[in-house]
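Below is one structure; the comments refer to it alone.
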Amino acid sequence: MQFEKFESVGQLVEKIVKNITEIVVKKPEAVLCFACGETPRPVMNRLIQMKKSGEINFSKIKILGLDEWIGVGRETTGSCAQMLYDDFLIPMDFRPDQIHIFNGLAANLDLEVEQANQFIKDYGIDFVLLGIGMNGHIGLNEPGCDPMAKVNVISLSETTRKVMTKYFNDTIFLTQGITLGLSQLLKANHVVLMAVGERKAEIVKRVLNSDVTPDVPATVFKNKEKVCFFVDAEAGQFLK
Ligand code: F6R
């Protein structure tokens, strides 16, 4: 894993955007996978700006969603689908045929799992932008998860259930999520794990100082060459 601390979020964003655009120039039909939530927003905003000014052409790429809460759909503010659509997919004018994301309201979750596994089998993942949870979760691969897992339905940890309230307007009681598995993320051609802001400083330090353990899921990326762990000065404040 390559670790880099940037002085500003802006510099970090430019590095990631450069990485993404180079991949798409080389492979216009690349599969890009994005976490939702606060972390990737500045990257998405920069890509939207570049699309509007005609600097990039993402008309052939495919977008793969990373995860979703079970029990909510795109109509619920705070669902991953809602955030991805409103923050990125709509402003980027992606067509439905370019998008594969989870439906948290699906009646048949086995089918939801199977379809995402099939998508990855067919197309692979060229690039993935990940955030990190306060407990080190990746996607919704929670502490204690199986690093060999493919797409799976998980029980949300207590930490995640507390933290997730920040996304929702109303009080909501959700206990499960669906997520790409760590084994699939580890096989992606490029992985960027991004952390910004003071509140991520403790977990960033913990990931870098602990051995590889599923108890801190982000640590499973530590021995992987293709992974970049990029943080801003605040998230990296306990590190040189
Ligand atoms: C969301 C996801 C999560 C978040 C993580 C950090 O799709 O995969 O792992 O990336 O919980 O969330 P934020 O960015 O809101 O701090």
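The values are calculated or read from the model by the stated rules, or taken from the named source; none is laboratory data. In this text, all values refer to a predicted model and were calculated from it rather than measured experimentally. Glycine gets a Cβ as well: all are built from the backbone with ideal geometry, and neighbour counts include every protein chain shown.
Scanning region 159-190 for residues that are part of a helix (DSSP H, G or I) and closer than 23 Å to THR77 by Cβ yields THR159, THR160, ARG161, LYS162, VAL163, MET164, THR165, LYS166, TYR167. For THR160, the stated conditions hold: it is under 18 Å from ASP146 (Cβ atoms), among the β-branched types (Val, Ile, Thr), buried (at least 17 other Cβ atoms within 10 Å of the Cβ) and at pLDDT 95 or above.
From the list ILE132, ILE138, ILE154, the lone residue that is more than 22 Å from GLY73 (Cα to Cα) and under 18 Å from the mean Cα position of the chain (by Cα) is ILE132. If you go through region 126-137 and keep only what is part of a loop (DSSP other than H, G, I, E, B), surrounded by 23 or more Cβ atoms within 10 Å (Cβ to Cβ) and not small (Gly, Ala, Ser), you end up with ILE132, HIS137.
Restricting attention to region 225-240, the residues that are more than 11 Å from MET194 (Cα to Cα) and under 17 Å from the mean Cα position of the chain (by Cα) add up to 1.
Contact annotation: residue pairs with Cβ atoms under 7 Å, 6 or more positions apart or on different chains, pairing a residue in region 77-93 that is under 13 Å from ASN103 (Cα atoms) with a partner that is more than 12 Å from the ligand (Cβ to nearest atom) and of a type in the set (Lys, Arg), are ALA81/ARG74; GLN82/ARG74; TYR85/ARG74.
Tell me whether region 69-76 contains one or more residues that are on the phi > 0 side of the Ramachandran plot and either touching a residue at least 40 places away in the same chain (Cβ under 8 Å) or of a type in the set (Ser, Thr, Tyr) (or both). Within region 69-76 (the criterion being on the phi > 0 side of the Ramachandran plot and either touching a residue at least 40 places away in the same chain (Cβ under 8 Å) or of a type in the set (Ser, Thr, Tyr) (or both)), the answer is yes, since at least one residue qualifies. In region 7-25, what residues are under 14 Å from ARG41 (Cα atoms) and surrounded by fewer than 16 Cβ atoms within 10 Å (Cβ to Cβ)? GLY10, GLU14 - these are the residues of region 7-25 that are under 14 Å from ARG41 (Cα atoms) and surrounded by fewer than 16 Cβ atoms within 10 Å (Cβ to Cβ).
Looking for something within 25 Å of PRO42 (Cα to Cα) and in a strand (DSSP E or B) - is there at least one such residue anywhere in region 138-148? Give the steps one after another, and end with the answer.
Going through region 138-148, the residues within 25 Å of PRO42 (Cα to Cα) turn out to be 138-142.
Within this subset, residues satisfying the condition of being in a strand (DSSP E or B) are 138, 141.
For region 138-148, residues within 25 Å of PRO42 (Cα to Cα) and in a strand (DSSP E or B): present.
Set side by side, the residues ASN135, ASN103, ASN117 differ, and just one is farther than 29 Å from LYS52 by Cα, within 16 Å of the ligand (Cβ to nearest atom) and modelled with pLDDT of 95 or more, which is ASN135.
When LEU193 is tested against the conditions (1) surrounded by 22 or more Cβ atoms within 10 Å (Cβ to Cβ); (2) within 11 Å of the ligand (Cβ to nearest atom); (3) in a loop (DSSP other than H, G, I, E, B), the lone failure is (3).
Among the residues making up region 221-240, a single one is among the aliphatic types (A, V, I, L, M), surrounded by fewer than 22 Cβ atoms within 10 Å (Cβ to Cβ) and at pLDDT 95 or above: ALA233.
Against the conditions (1) over 22 Å from LEU180 (Cβ atoms); (2) touching an Asp or Glu at 6+ places or on another chain (Cβ under 9 Å); (3) surrounded by 21 or more Cβ atoms within 10 Å (Cβ to Cβ), CYS80 satisfies every one except (1). Annotation: of all residues in region 138-156 being polar (S, T, N, Q) and more than 11 Å from the ligand (Cβ to nearest atom), the one that is surrounded by the fewest Cβ atoms within 10 Å (Cβ to Cβ) is SER155.
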